[in-house]
Amino acid sequence: MRRLITCLIFLGLLSSSVTYASIFGQVHGVVHDPQHRPIAGVHIELRAAHSAFTKTALTSQDGSFSIPAVPLGDYVVTVSQIGFANVRQVLTLASDTSPVLHFELQLGAVQQAVTVTTDTNTANVNTVTPTALISRQDIALTPGADRTNSMAMITDYVPGAYMTHDMLHMRGGHQVSWLIDGVQIPNTNIASNLGAQIDPKDIDYIEVQRGSYTSDVGDRTYGVFNVVPRTGFERNREAELVLSAGNFFQTNDQINFGDHTEKFAYYASLNGNRSDYGLAPPVSQVLHDASNGYGGFASFIYNRTPKDQFRLVTQLRQDYFQIPYDPDPNSFENQQYDSSGLRDGQHETDGTAAFSWLRTFNPSTVLQVSPFFHYNKADYESNPNDVPVATTVNRSSTYGGGQASITTQIARNSLQAGFYSFGQHDDYLFGAIFNDGSGSPNFSTPDSASGGVIEEYVSDNYKATSWLTLIAGLRQTHFQGQFIENETDPRFGVAVRIPKLNWVFRGFYGHFYQPPPLLTAKGPIVQFAQANNTDFVSLHGERDEEHQFGVQIPFKGWLLDADTFKTRINNFLDHSNVGNSSIYFPVTVDGALVRAWELSLRSPRLWHFGQAHLAYSNQIAEQRGNITGGLVCTPIGDPSCDAGFDYSPVDHDQRNTLNLGFNATLPFRTTASTNVYYGSGFHNGNPDPNTPYPNDYLPQHTTFDLSIGHSFGENLTASVTATNVANRRVLLDNSLTFGGFHYNDPREIYGEVRYRFHY
């Protein structure tokens, strides 16, 4: 098996076959005069809206131009030619798209300029994937979003995304993909980590894709987070110091610095955070709930020649979380899961390095090769005197591999072919000390597992006309661990723009495969499981079938995006516990079905000072059948182990989720931002009328967040933020994970200072 890992890493490093949801797109265009005659030699400048990043091109004899390998984000395109008026157009570029721009130059003086008032909130006919693009300005303004372990940048802007039992859920599941600088960072372990993949303060843009993925996007059906990190192009030997302090003795601090020349740019940061409130507690009090962490991040870009670019991103984090508990051993919660005697904690380490080489052969053909390394560790450790059982569940995962791609434009076809591979080795330690007087023998059992994934894909984005885009692709996956699985997944989509209305309708049908965790069990851990009427069976990969239909409606700068989808799932990946313990295992369930209506709305600048955003989801997430992998009920065939084949809601099913926010830039250098969150309640109740929660669903909950900031000159900014201002507390979830039940977050108030300086 180790030989397999070595082979996979070698193939990943040397193969040269576009990346998983590359952060890059291409910009094409045509320039003509008022008589629609092409103009050659026109200078095209594409400049980032919020940094000094630029790319240039000249039009050919037919008036056309192409600018390849442009990172996703907001841009201003300036078209200039002697004897004609300059033209500027605002452009928002999504990943893996190739928009075609049309410019008509008017005769006029050189110094004259015409600004095309195209709003960034326009319907996109170049893709069938619903996306939300969140910038670093959005993250800085959104209440609580820039804290190290916050997911507000996603939950506040993305339909169907919410936090429950300390994990980000989206579209009915946990499994999501994080791509940093266009490189997917593999993590096959479900829900064992609590720390965030990247500090939000290090993000320039994050593009969130939800379903309808092209074949260059692989395993994680529920959400793809495509991160463009800060690069230094927005800096001129400038540093920023971020300091904060608030209740629960919290602080969240960072120092970052960056600079750029014409060929080289760098950005680096160091951060640290701590608080007496970390994880969602099982009761409304906050006990044994401290968290702390520190880390560093760096990004480097070197344009060796106009055709060769080298990119490197790297980060290292260390986090610690105390596991909260319910102090009353006689409470209703502790009769289900007794956490009163536990004093547990979790240590986490995460390190990533990804290198990319971009080779531009011509304006339409780009090669990208990206070797990567990822190390992830999560150690759940107990006090040896914990009652009734002191458990230890330690895991470390090492991934090494690479991805490579070739993208080209032939006529109206944007063609992609790609390769992705990694080898993985996991080490485990399972232990238990029985302090319950049962006489059960203590144990501490090490274990390990190895495996790997090889994936290839081809994809075509065919621009039939200016109003019709067709996509088709095929993705093949080979997984090898304790067993071998092969899967070939087709995907098809169409996007149609209605003339004059400019509404864009889109439809999609596709299949997905998610490789399973490399989880094994043996010896005393299996015996302990069997004593609790469970046994261990190897997990197999999840297979999903998705149907989706959506529409984008632009109106006077507003953009409404609505979609409905249905995902049928075989071997649904979820999680469970060993009996009444905190030994935490992933499982697969025979089947699941997720259906939803989703709605997002972004406004233009309203009243010259602010923008509104709304995200709403009406979702039904259900499962059926028995547990098929992980900890299965035994003896198999016993009537008590038969869950039947009727669908029933999963524990994180929440029918209605709404976020409504507004980010305002006020007079006198003042900013104000709000967000209202509403959840109708998760399916964690108890139909028994004699219990404290006598309904199928737990209580609905609404919270309100507020942030107010002020700039003192050009270099100093101060803000005050309050989340859950009304301090409304409800039982959010009663899944037995990380300390048992979970109340929502209490009111948190903190002040933050940002100071920018040159070095």
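Yes/no matrix, rows are residues, columns are (1) at pLDDT below 90; (2) touching a Cys at 6+ places or on another chain (Cβ under 9 Å); (3) closer than 20 Å to Leu519 by Cβ:
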residue: Ile410; (1), (2), (3): no, no, no
residue: Ala417; (1), (2), (3): no, no, no
residue: Gly423; (1), (2), (3): no, yes, yes
residue: Asp426; (1), (2), (3): no, no, yes
residue: Phe430; (1), (2), (3): yes, no, yes
residue: Phe434; (1), (2), (3): yes, no, no
residue: Ser440; (1), (2), (3): yes, no, no
residue: Phe443; (1), (2), (3): yes, no, yes
residue: Gly451; (1), (2), (3): no, no, yes
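Looking at (1) surrounded by 17 or more Cβ atoms within 10 Å (Cβ to Cβ); (2) at pLDDT 85 or above, which is the only condition Gln106 fails?
(1)
Which one is farthest from Ile154 (Cα to Cα) among residues in region 638-664 that are more than 26 Å from the chain's Cα centre (by Cα) and open to solvent by 70 Å² or more (accessible area, probe 1.4 Å)?
Applying the filter and picking the extreme gives Pro639.
State all residues of region 231-275 that are of a type in the set (A, V, I, L, M) and open to solvent by less than 40 Å² (accessible area, probe 1.4 Å); if no residue qualifies, say none.
Ala239, Val242, Ala265, Ala268
Val387 fails exactly one of the following numbered conditions: (1) open to solvent by less than 20 Å² (accessible area, probe 1.4 Å); (2) touching a Gly at 6+ places or on another chain (Cβ under 6 Å); (3) more than 27 Å from Val453 (Cα to Cα). What is the number of that condition?
(1)
For region 136-166, give me the residue count where each residue is open to solvent by less than 10 Å² (accessible area, probe 1.4 Å) and not in a loop (DSSP other than H, G, I, E, B).
6
Collect the residues in region 700-759 that are among the acidic types (Asp, Glu) and exposed (fewer than 15 other Cβ atoms within 10 Å of the Cβ), keeping them in residue-number order.
Across region 700-759, the qualifying residue is only Glu714.
Could you please let me know if Ala529 is open to solvent by less than 30 Å² (accessible area, probe 1.4 Å), out of contact with any Ser or Thr (no Cβ under 7 Å at 6 or more places or on another chain), of a type in the set (Gly, Ala, Ser) and not in a strand (DSSP E or B)?
When the stated conditions are applied, Ala529 passes them.
Just to be sure before I move on: is Tyr294 modelled with pLDDT of 95 or more and either open to solvent by 20 Å² or more (accessible area, probe 1.4 Å) or in contact with a His (Cβ under 7 Å, 6 or more places away or on another chain) (or both) in the structure I sent?
Yes.
List the pairs whose first member sits in region 119-146 and is under 17 Å from Tyr75 (Cβ atoms), whose second member is at pLDDT 95 or above and assigned to a helix (DSSP H, G or I), and whose Cβ atoms are under 6 Å apart, counting only residues at least 6 apart or on separate chains?
From region 119-146, the pairs are Ile134/Met153.
Would you tally the residues in region 320-371 being more than 30 Å from His165 (Cβ to Cβ) and open to solvent by 40 Å² or more (accessible area, probe 1.4 Å)?
6
Are any residues in region 479-518 among the aliphatic types (A, V, I, L, M) and loosely packed, with under 15 Cβ neighbours inside 10 Å, and if so, which ones?
Ile484, Ile498, Leu501
Which of (1) in contact with a Ser or Thr (Cβ under 6 Å, 6 or more places away or on another chain); (2) of a type in the set (Val, Ile, Thr); (3) modelled with pLDDT under 90 is the odd one out, the single condition Val30 does not satisfy?
Condition (3) is where Val30 drops out.
Consider region 699-748. How many of its residues are part of a strand (DSSP E or B), of a type in the set (Val, Ile, Thr) and under 26 Å from the mean Cα position of the chain (by Cα)?
Qualifying residue count, region 699-748: 4.
Within region 192-249, how many residues are acidic (Asp, Glu), out of contact with any His (no Cβ under 7 Å at 6 or more places or on another chain) and part of a strand (DSSP E or B)?
Total meeting the criteria: 3.
Looking at Arg210, Arg220, which one is open to solvent by 10 Å² or more (accessible area, probe 1.4 Å) and among the charged types (D, E, K, R)?
On inspection, the qualifying residue turns out to be Arg220.
Would you tally the residues in region 23-57 being open to solvent by 40 Å² or more (accessible area, probe 1.4 Å) and under 30 Å from Ser405 (Cα atoms)?
Residues that pass the stated criteria total 9.
Give region 396-449 a look and list any residue that's open to solvent by 10 Å² or more (accessible area, probe 1.4 Å) and charged (D, E, K, R), or say none.
If the condition is that a residue be open to solvent by 10 Å² or more (accessible area, probe 1.4 Å) and charged (D, E, K, R), then Arg412, Asp427, Asp436, Asp447 are the ones that fit.
Residues that are in contact with a helix residue (DSSP H, G or I) (Cβ under 7 Å, 6 or more places away or on another chain), more than 30 Å from Gly541 (Cβ to Cβ) and small (Gly, Ala, Ser): does region 145-163 have at least one?
Yes, because at least one residue in region 145-163 is in contact with a helix residue (DSSP H, G or I) (Cβ under 7 Å, 6 or more places away or on another chain), more than 30 Å from Gly541 (Cβ to Cβ) and small (Gly, Ala, Ser).
The values are calculated or read from the model by the stated rules, or taken from the named source; none is laboratory data. Keep in mind the model is a prediction, meaning the values are calculated, not measured. All Cβ positions, even for glycine, are placed from backbone atoms using ideal geometry, and neighbour counts span all protein chains on display. When the accessible area is computed, the model is the full protein with side chains, heavy atoms only, and any ligands, DNA or RNA have been set aside. Shrake-Rupley method; radii C 1.70, N 1.55, O 1.52, S 1.80 Å.
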